[in-house]
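Accompanying notes for the structure given below.
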């Protein structure tokens, strides 16, 4: 969500400016800081590129200004900048502004600098924040700020020169001070921005001069160089290419800003504001006149899109063939492109070599021209000859001069001939160079056309893929809706059978109903998993919905049939549970029928109805099953106690081998007390078995043991429940002791487990005493064993508390090396922990009370039966 604003998104929004303003009113700008930040970025681009209608943003600015973290403060500063920008365009109709409103430009630039500083202060510049998504999200709007700031700086400089030519220098001292402060900030921010990797590929940031302009010297205006911001031109994204084709060529790409204004005489006020701070009304006119083009082309798209709406079977059959054909086409185009690229590179290399040869020939030609020229006679400093000497030497001098002249003429002829050859070779190379340049230009033009054709084909294929994908999603959803509607019909028909008179004679067993409930619960788990994987594979969800409907319908029918086999009170309760289960199933299917609520469909209530209400417990137990179950549970309890004792002995040996010191002493004491408790529980179970045997022998008469248990089913169920509780408590106690010895558990868990075992043994004693004689010897043994369990439980609790105290004394905090501030901080942390623990204690007490009430509600009928 914190990625920077994409240019293609801004471009699409600017193509539909009026639609943009209608959509902005529905955005949660007052509750989402990142969304408000992106809106400010888009709105800034909108102010620069054409839409004249704006809204009042002051309330939003004040609201986000109350937040000092995250995007809140940035949104407040950005909104203030946008408000200042709008007020500037309303007040100032031409640039530079009149002298009575020059403060407006200073305020405008100050807001730009505040946003600059706010963004940089919110980033950690010690890391490469410009290459992260969160950093680019904050840096992206600074491109618009750089464009505005460069123009504002230029106009401010020229405005101050104009003011200094009209007013005394002392009057403008405050203006100069404010400009110098803004100049330092702007120069620093431009320098820091130019060093960021994110801006290097998007914008060319100018560098301001080392020193600010000297406004006291009028000639310094000619030395001023207007900063020019350059944004490299780039091709439009594939998502908007088809939109660009539908509008006229007058539309201007919003990512390429208008070029800065040219130099004029600022004293004549001839530079309009739409050139300086561009708010292009021409772009708005083009948008308003051409926004109907997509609407006109929409019927053509519908008429020409019959190929897209092919049947699904046609797509499934021909899809792989088309994919293979498209892959072969792409490979062929890639081979041709590489071939053309190789030829172009070879031509470039050949052109470079010819150019070097041509330069070498031109240089040689120039050297030859410098060598050729009229011969200069060589003069020697001879002494004045006598007439006789002159007469003797004159014939020899003429012959020498003639020989030199003939040599010079021969050299000149050779040079002229060489020069003509070089010129001919040079002209041939020039013609070949022109031919190669023409061929290279043709190759480039052909490559550009081929790339455009391939891009158009790619766009068409992407549009077809998107259309097919949307059709596939619609078909998936239609299939799911049909399956859900069929499931609702099945469940509704099952519920209707409850009131059908012909169904009254149908019966079923509780075991079969329990199996149907378990199957429905398993199917509910598969339905939940298939719903999570719906987007990738909807077929699994359709199958799960169908199976779920059949299983739930069967459960409803079997529950109604089972109610015909039980007493009236239980039958009414079971029928109500069946109807509630059907209603919850219909509610779940209704949620899955809507696409908005599919992901949030909750099956917890249906699961509770299936697992807690419909599963019969003890509705149909045969006579032989109760007797066998009593023996099995007592044997299982004995086995659990024996296993617990063995585990405790193993933990004790392991602790002696690993631990040392206080920890070993504490662990030995705790495990020894747990061992004593297991021995006491074992003695209690044996005494309970002997007492039950006496009870059965004295009360069954001529009946068998199984018949006695079946006759006293309520008492038998209580005995089974108590035996289960004792075995479970022993297992949990050993697990808690194991965690405590390893240092991963809590001493409180061990205490709670001990108390739970004491309660379970009390339940077992109560269940055994109900039908026993007062003078029975085994009853006395059972009471004595119960007191032994109570004492062993107290021993476990005492050893646990003692060990906990020793461990806490060992871990006492050392305050000697802590400073006063650290001690105060520790005190505050302790107070926070105390408050948190008190709150947690209160909540846990409330939960304990609720759990105790529910547990008592479930066990009250059982306790009443035991007391009888």
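The values are calculated or read from the model by the stated rules, or taken from the named source; none is laboratory data. This structure is a prediction, so every number in the text was calculated from the model and none was measured. Heads up, the Cβs are rebuilt from the backbone with ideal geometry, glycines too, and the neighbour counts pull from every protein chain shown.
Per-residue answers, yes or no, for (1) within 30 Å of residue 561 (Cβ to Cβ); (2) modelled with pLDDT of 75 or more; (3) surrounded by fewer than 14 Cβ atoms within 10 Å (Cβ to Cβ):
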site	(1), (2), (3)
608	yes, yes, yes
613	yes, no, no
619	yes, no, no
626	yes, no, no
638	no, yes, no
651	no, yes, no
655	no, no, no
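Hey, can you tell me all the residues within region 766-777 that are surrounded by fewer than 21 Cβ atoms within 10 Å (Cβ to Cβ) and assigned to a helix (DSSP H, G or I)?
766, 769, 777
Name the residue, out of 419, 433, that is modelled with pLDDT of 85 or more and surrounded by 11 or more Cβ atoms within 10 Å (Cβ to Cβ).
Unique residue meeting the criteria: 433.
Which ones in region 507-543 are in a helix (DSSP H, G or I) and at pLDDT below 70?
510, 511, 538
Go through 489, 444 for me and flag whichever is on the phi < 0 side of the Ramachandran plot, in the same structural domain as residue 540 (by TED's automatic domain parsing), surrounded by fewer than 14 Cβ atoms within 10 Å (Cβ to Cβ) and in a helix (DSSP H, G or I).
Unique residue meeting the criteria: 489.
Whether any residue in region 177-186 is surrounded by 19 or more Cβ atoms within 10 Å (Cβ to Cβ) and under 28 Å from residue 39 (Cα atoms) is what I want to check.
Yes.
Check 671, 739, 684 and return the single one that is in the same structural domain as residue 804 (by TED's automatic domain parsing), under 21 Å from residue 636 (Cβ atoms) and either touching a helix residue (DSSP H, G or I) at 6+ places or on another chain (Cβ under 7 Å) or modelled with pLDDT of 75 or more (or both).
684
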